[in-house]
Amino acid sequence: MKLHNKKKKLWTEKFPFIGKSKKIYSKLFHRGIPLWPIMAGEIYMFNNTSLESSFEEFFMIIKFLFSMDKFNIGEGKDKILVSYPMAREDHHNLVMKSIEKFPKKEIVLLDNYYWKKRKSILKYKFRFPDIALLFKIWRKFKKEGAKKVFGKHFLYFLTRTYFRCKQIESLEEIYSRLKPRAHIAFCSQTFAEDTILALLSQKDGKPTFTLQHGLIVEYPYFTSQSILQENLVSDYSLVWGKKTAEVLEKYTDSSKIIVVGNPKYNIMEENKTNKFNPTTGTIFLPVIGTSSPSKKMLAILNNFAKNHPEIKFNLSLHPFDDIKNYSEIITATNLKYCPVKNVSETIKNSDFIVIHNTTIAIESLQYGKPIFRYSDDFLVKLWKNDDCFKSEKDLEKLFRKLNNPKKYLSWSKKYQKEFRENFYQPKEGTVSENYYKKVLEKIKDF
């Protein structure tokens, strides 16, 4: 067992709101289940981005009091329970690929992807509020001084906590019916449904696992994504490669980290081109597109595109983003918004890509093609290479530099090396087969 010698100072110790919220929720339990791990993701998110309007907050409070999500769940006892709680296609595909080599008779799915995509109110259950439970939570909040911590959002957090308690009750019924032998979560650090099922499994003495679905890095500034390493709920983290393991080892012991690979990348795609003659490039913007880094980066690229009419620039946004956020910036006729359905195919068909902070930076390494990274105070240093730019002038220099075949080849080799460190490649079988093998080993050891 390897432990990191230097204790990491968590954001709960740096930000008063997160720290005080943790102190409150660490003392709260429902049906024997601790509430802090369940509420942590929402507290981290709220610290970064609070509710936009009082109307939105009022609507959410009504939802918490009178509705409950339904769960699309399979049947069968003593199986490996796999949970996926959200309506996002790319992550759903990742989970399905992760378990595709698991014998179907050995798994039971709680898959809410198609259910949550529905736009009908029938996907919710409606009920009257449990006044006794609400009063119980209110008394505990009052005792812990929650009013001072949550301020004008006190009622929001009171009802949100109530909603999570009712979810515990609902999922406890499902768990009791299934009695699984183990639990694999999409992401038990952030999604309450995953967290609750992991905690119920642990209470029952069953092993729990969580999948990696995106970058797990140490940002030099606060981001709600820090929750991925600071709220490790499941017993084991199934990670893509060595780089992720090195980050998590600073927060937990190495025996809890299992390097298994990424099922989307079983092989290294070789870049057979040895010269840079670009005609098509793709720009991938990170999450939260209204942030200034995305807009500054796009302003530079818009001007750059005007000076390179021979190149077609395709713009891809994060699923949570909206092209309306950039309508005033995009004036170049050869810079077009192109929704991406298949990231791998898009990268494969591009001569280069431009990114800031996004998981796609790591995925792009697979093809050994030039990656231009917009550099500012928020850039996460994923690898060392002279491929960063801060201005249009910097980007022009990088393009000219790659006209040298030796420089182009050196970049390609560098990316291939980085790819292998980020995405473990099993010597035998597929990545999904490796997932099944490692999970089965831990279940037997448990």
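The values are calculated or read from the model by the stated rules, or taken from the named source; none is laboratory data. No experiment lies behind these values; they were computed from the predicted model shown. Please note: Cβ atoms are built from the backbone with ideal geometry, for glycine as well, and neighbour counts cover all protein chains shown. The accessibility values were calculated without ligands, DNA or RNA, using every heavy atom of the protein model including side chains. Shrake-Rupley method; radii C 1.70, N 1.55, O 1.52, S 1.80 Å.
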* To do: Mind computing the radius of gyration and Dmax over the alpha-carbon atoms of the stretch 187-264? Å is fine for both.
  => 12.2, 38
* Pick out, in residue order, every one of the chymotrypsin sites (Phe, Trp or Tyr not before Pro) in the stretch 133-235 that is DSSP loop and has at most 16 other C-beta atoms within 10 Å; say none if there are none. => Y221, F222
* Could you pull out every one of the aspartates and glutamates with an alpha carbon less than 18 Å from that of K243, ignoring same-chain neighbours closer than 8 positions? => E218, E230, D253, E363, E418, E421
* Protein accessible area in the chain, 1.4 Å probe - carbon and sulfur % -> 53 percent
* Asked: With N residues in the stretch 365-446, what two-decimal value do you get for its Cα radius of gyration over 2.2 N^0.38 Å?
  -> 1.57
* To do: Go ahead and run the numbers for FRET between K147 and N404, Cβ-Cβ distance against an R0 of 60 Å, rounding to 0.05.
  => 0.40
* Asked: How long are the three semi-axes of the equivalent ellipsoid for the stretch 60-119, computed from the Cα gyration tensor as the root of 5 times each eigenvalue, in whole Å, largest first?
  -> 26, 15, 8
* Under 28 Å Cα-Cα from K136, which lysines qualify once same-chain neighbours fewer than 8 residues away are excluded? -> K20, K22, K23, K27, K63, K70, K125, K147, K148, K152, K166, K203
* To do: Using a 10 angstrom cutoff on alpha carbons, build the Gaussian network for the chain and name the most mobile of N262, N404, N72.
  => N404
* Solvent-accessible area per residue, Å², over the stretch 349-407 with all protein chains present [probe radius 1.4 Å] -> 42 Å²
* Over the stretch 104-227, how many percent of alpha carbon pairs lie in each 10 Å bin up to the one with the longest distance? -> 10, 30, 35, 23, 3, 0
* **Stretch gain in nm, segment S26-N303, where the contour uses 0.36 nm per residue and the Cα spacing is subtracted** => 94.6 nm
* When the Debye formula is applied to the Cα atoms of the stretch 108-160, each taken as the same point scatterer, what base-10 log of I(q)/I(0) results at q = 0.14 Å⁻¹? -> -0.61
* To do: Quote to one decimal, in nm, the extra length available between D253 and K324 on full extension: 0.36 nm per residue of separation minus the C-alpha distance between them.
  => 21.1 nm
* Quick one: check the C-alpha center-to-center distance for the stretch 66-134 versus the stretch 340-406, whole angstrom. => 36 Å
* To do: Would you mind computing, in nm to one decimal, how far apart the modelled labels at K101 and F17 are, each placed 7 Å from Cα along Cα→Cβ?
  => 4.4 nm
* Show K77, K324, K414 ordered by accessible area, largest first, where the area counts protein heavy atoms only and the probe is 1.4 Å. => K324, K77, K414
* To do: Can you tell me the 0 to 90 degree angle between the C-alpha axis of helix 292-307 and the longest principal axis of the chain, rounded to 10?
  => 20 degrees
* Write down the radius of gyration of the stretch 33-155 and its Dmax, each obtained from C-alpha positions, in Å. => 18.2, 52
* Asked: So what is the calculated 222 nm ellipticity per residue for the chain, using -39500 (n - 2.57) for each DSSP H run with n of 4 or more, over all residues, to the nearest 500 deg cm²/dmol?
  -> -13000 deg cm²/dmol
